[in-house]
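One structure below.
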Amino acid sequence: MVKGTQSVIRTVEGWGTVFRRKLSAGELGSLPVVLVLAVVWIVFQSLNNNFLSPRNLSNLSVDIVGTGLIAVGIVFVLLLGELDLSVGSISGLAAAVFAVLNVNNGVPEWLALVVAVLAGTVTGAVQGFSFAKTRVPAFVVTLAGLLTWNGLMLYILGTSGTVNLDEGGLLARLTSYYFTNDFAAYGLAAVGAGLVFLVSYQDRRRRKAVGMPHRSLRAIGVRTGVLAVTAFAAAYLLNRFQGLPLALLLFLLVVAGLDVVLRRTHYGRQVYALGSGVEAARRASLNVTRVQTAVLAVSGTMAAVGGLFLASRITSVSQNSGSGVLLLNAIAAAVIGGASLFGGRGTTWNAVLGILVIQSIASGMAITDTPAAVQFIITGGVLFAAVVIDSLSRRSQEAHGRA
Amino acid sequence: MPTPPLLALHGVCKRFGVVEVLSDIELEIRAGQVLALLGDNGAGKSTLVKAISGVTPADKGVIEWEGRAVHIRRPNDARELGIATVYQDLALCGNLDVVGNLFLGREIRRHGFLDEVEMEHRTRHLLQRLTRGIPDLRAPVVSLSSGQRQTVAIARSLLGNPRVILLDEPTAALGFEQTAEVLDLVDELRDRGLGVLLISHNMGDVKALADRAAVLRLGRNNGFFDVNTASQEQIISSITGATENAPRRPAHREAEW
Ligand SMILES: Nc1ncnc2c1ncn2[C@@H]1O[C@H](COP(=O)(O)OP(=O)(O)O)[C@@H](O)[C@H]1O
Ligand SMILES: [Mg+2]
């Protein structure tokens with residue numbers, strides 16, 4: 001009994017130490033954005049109790065996917081300490097390529113999809129290579145790209161104006177298909193929590209075997225438990241409406257997959273390394289040009305994929321596809337979610353959290369009939385707060401180093 | 001025939017724009033010896049180190065590895081020969097943690113993914129040999145003290161079992177105890193048969209550790225000394241230019257300084 005209490009106290013003390021260290025080292029991580037999200041949800045739920053209804057949350061979970069995928073690509077670019085301003089135009093270009101190939105020229109949907117995504121990869125790679133070779137900041141190269149790809153899209157669309165997509169087609173189903181069987185959503189929640197547990201447990205086992213510091217079983221249990229509760233609650237809500245949306249499943253798979261790429265592979269490590277400057281990476285024999293090109297290729301690809309999901313949601317492509325606030329929302333999502341503007345810090349999950357905040361505000365505003373003007377002002381305020389936190393934590397990190 | 005030195009430089013030149021920072025440098029690094037590279041600030045010591053390590057390759061001249069001419073055009077060329085460098089500015093990635101920095105560019109993989117456990121294990125092992133104050137291995141390097149960062153940079157250079165190690169002012173930012181740790185390490189590396197190039201402004205350390213000393217002045221060789229026989233005054237006057245052992249430089253070059 002006493003022993004149990006003591007170990008609980010020690011665990012809590014351990015967390016306290018870690019928290020204080022993270023606070024002073026400027027690594028608060030996702031904590032601020034999770035708090036913001038909680039506040040947004042509580043406020044809108046108290047204004048209108050349809051906000052947290054299964055229907056609204058389910059729609060929200062599909063609405064975040066298009067812009068969210070683009071924001072995932074932005075996270076890659078932010079890790080380099082750069083910006084990609086062309087993602088909106090690339091998303092529109094990809095949608096136009098798909099529409100013209102499939103609807104106007106009868107190319108099979110799967111082939112048109114592949115070509116559209118590759119169009120994003122290629123445009124991104126071209127920009128990345130120019131950025132790497134000319135050493136002009138990426139935001140300038142991609143600003144040129146913004147205009148160029150937008151012009152190319154208008155050219156491809158020609159006089160078609162608005163192209164309506166096949167409502168029952170493959171692309172449309174990306175965002176309209178739901179796994180109505182309850183098992184799908186619960187299964188995903190179980191598999192997700194199970195994987196996280198297995199990976200942490202395996203890590204602990206190997207560390208323990210060689211006598212290195214490792215997480216306690218209790219800490220792993222709590223971590224997995226929190227994740228499992230969240231995941232099963234979400235699954236329950238989704239099942240109360242139409243089940244697990246295919247779009248959400250794909251989004252989560254992409255985000256988790258790219259998270260593994262960034263944090264667990266040689267390639268990802270190089271991306272992070274470039275975040276603190278090119279020179280140190282170069283001296284460690286990294287191929288800087290290749291990594292920079294690849295990163296912009298990833299963001300171009302993600303922009304194209306996101307653009308196709310956005311087109312799928314409204315089953316049409318027009319000259320306005322990829323324009324407007326899309327670019328700003330994608331960048332804001334990555335930054336609000338906690339990816340650092342200064343490079344080197346962030347994960348793909350930051351994009352998910354950030355787009356959840358932005359889309360929640362948009363959805364809450366729509367549900368409470370608030371004018372768009374207010375929505376922009378609030379989103380702007382949240383973005384500003386995120387940037388300030390980013391810059392403060394960076395400074396506190398450096399101050400820490402000088403001590 | 002005597003065994004050729006591990007690394008030899010002949011007639012190495014380097015210019016940045018119109019400024020010739022290194023001209024006709026001769027240098028030999030021998031296995032199992034510590035060569036001190038001395039010179040005033042701006043003499044070209046760091047530039048020479050970067051020429052050897054492929055960061056800013058030499059414009060002219062021959063670099064020989066065990067008597068065989070080699071081309072060092074990129075950092076990777078030097079690394080593959082077995083040359084490791086601790087740069088004056090350390091060249092660490094501030095946002096990566098200690099383990100990430102040590103293994104950057106040569107990560108250990110397991111089933112295709114980074115093997116963090118193994119890398120952390122080896123990092124801990126290596127650092128325990130080097131220092132008593134092991135930093136938090138998972139903290140980003142920017143948040144470490146400058147002494148800890150220096151230790152990380154040195155540990156990184158030892159990782160690939162190099163045969164020549166270039167240390168550019170490794171003790172400049174260190175306190176008394178850590179300086180002693182680094183000097184002990186240099187001694188140990190020499191005993192293990194590595195060739196060590198040590199840049200330092202501390203004549204006491206040079207006298208205690210180095211076997212030979214090479215002096216650079218205004219980008220030229222200005223004397224070689226056997227540290228055991230040469231007097232400290234001789235070496236210092238060669239550093240400050242009281243004795244000119246190299247041909248005088250042309251007048252117009254003098255004017256640029
Ligand atoms: N990248 C560079 N471009 C132009 N000049 C440089 C560069 N690097 C070094 N120099 C110049 O070369 C000279 C030698 O510098 P350095 O090798 O750093 O000297 P030391 O390490 O001996 O103090 C200095 O005058 C410095 O200004
Ligand atoms: Mg120097």
Legend entry - FRET E, pair A:Tyr155, A:Val260, Förster distance 35 Å, beta-carbon r, rounded to 0.05: 0.35
Legend entry - Estimated FRET transfer efficiency when R0 is 22 angstrom, pair A:Leu392-A:Val43 (beta carbons, to 0.05): 0.35
Inset, instruction - Report the charge-dipole magnitude of the stretch B:1-154 in Debye, nearest 20, computed about the Cα centre from +1 at each Lys and Arg Cβ and -1 at each Asp and Glu Cβ. - result: 220 debye
Inset, instruction - Treating only the Cβ atoms of Lys and Arg (+1) and Asp and Glu (-1) as charged, compute the dipole magnitude of the stretch A:212-365 about its Cα centre; round to the nearest 20 debye. - result: 480 debye
Inset, instruction - Take the alpha carbon atoms of the stretch B:102-153, find their center, do the same for the stretch A:230-269, and report the distance between the two centers in whole angstrom. - result: 31 Å
Inset, instruction - Project the alpha carbons of the stretch A:217-291 onto their principal axes and report the range along each, largest first, in whole Å. - result: 54, 34, 16
Inset, instruction - If a/c stays under 1.5 just call it rounded; otherwise compare a/b with b/c (prolate if a/b is bigger, oblate if not). Do that for the stretch A:292-383, with a ≥ b ≥ c from the square roots of the Cα gyration tensor eigenvalues. - result: oblate
Legend entry - Inter-part distance where the stretch A:339-403 and the stretch B:154-169 are each reduced to a Cα centre, Å: 42 Å
Legend entry - Added length on full extension, which subtracts the Cα-Cα distance from 0.36 nm per residue, A:Val288 to A:Asn164: 40.4 nm
Inset, instruction - Take the Cα atoms of the stretch A:336-401, build their convex hull, and give its volume per residue in Å³. - result: 73 Å³
Legend entry - Mean projection area, nm², convex hull over Cα of the stretch A:62-128: 5.0 nm²
Inset, instruction - Rounding to the nearest 20 debye, state how big the charge dipole of the protein assembly as shown is about its Cα centre with +1 on each Lys and Arg Cβ and -1 on each Asp and Glu Cβ. - result: 1140 debye
Inset, instruction - Rank the residues B:Asp97, A:Asp369, A:Asp84 as a footprinting-exposure proxy: fewest other Cβ atoms within 10 Å of their Cβ go first. - result: A:Asp369, B:Asp97, A:Asp84
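Please sort A:114-125, A:387-398 by packing, taking for each peptide the average over its residues of neighbouring beta carbons within 10 angstrom, highest first.
Packing proxy ranking, top to bottom: A:114-125, A:387-398.
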Inset, instruction - Rounded, prolate or oblate: pick one for the stretch A:140-267, where a ≥ b ≥ c are the square roots of the eigenvalues of its C-alpha gyration tensor, a/c under 1.5 means rounded, and failing that, prolate if a/b is larger than b/c, else oblate. - result: oblate
Inset, instruction - May I ask you to derive the FRET efficiency for A:Ala190 and B:Val18 from their Cβ-Cβ distance with R0 = 51 Å, giving the value to the nearest 0.05? - result: 0.15
Legend entry - Neighbour-count order for B:His121, B:His71, fewest beta carbons within 10 angstrom listed first: B:His71, B:His121
Legend entry - If the convex hull is drawn through the Cα atoms of the stretch A:239-330, its volume per residue in Å³: 136 Å³
Inset, instruction - Per residue of A:270-278, count partner chain C-beta atoms within 10 Å of its C-beta, then hand back the mean as an integer. - result: 4
Legend entry - Gyration tensor over alpha-carbon atoms, the stretch A:58-201, equivalent ellipsoid semi-axes in Å: 31, 26, 12
Inset, instruction - Could you work out the equivalent-ellipsoid semi-axes for chain B, taking the square root of 5 times each eigenvalue of the Cα gyration tensor, largest first, in whole Å? - result: 32, 20, 18
Inset, instruction - Could you tell me what % of all Cα pairs in the stretch B:88-150 have separations over 16 Å? - result: 44 percent
Inset, instruction - Take the Cα coordinates of the stretch A:216-259, assign each an equal point scatterer, and use the Debye formula without solvent to give log10 I(q)/I(0) at q = 0.34 Å⁻¹. - result: -1.02
Inset, instruction - As a check on your grasp of the helix formula, calculate [θ] at 222 nm for chain A: sum -39500 (n - 2.57) over DSSP H runs of n ≥ 4, divide by the residue count, round to the nearest 500. - result: -26000 deg cm²/dmol
Legend entry - Ranked B:Trp65, A:Trp110, criterion: other C-beta atoms within 10 Å, fewest first: A:Trp110, B:Trp65
Inset, instruction - Work out the mean other chain Cβ neighbour count within 10 Å for the residues of B:101-114 and drop it here as an integer. - result: 4
Legend entry - Amide H contacts under 5 Å for A:Gly275, placed H, 5+ residues apart: A:Gly344
Legend entry - Rg/Rh for the stretch B:1-49, where both radii come from Cα atoms and Rh is the Kirkwood radius: 1.04
Legend entry - the protein assembly as shown: C-alpha gyration tensor shape, a/c 1.5 cut-off, then a/b vs b/c: prolate
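We did not get these values from a lab; they are worked out from the coordinates using the rules stated. Since this is a predicted model, take the numbers as computed values, not measurements. With ideal geometry, Cβ positions are generated from the backbone for all residues, glycine too; neighbour counts draw on all protein chains shown.
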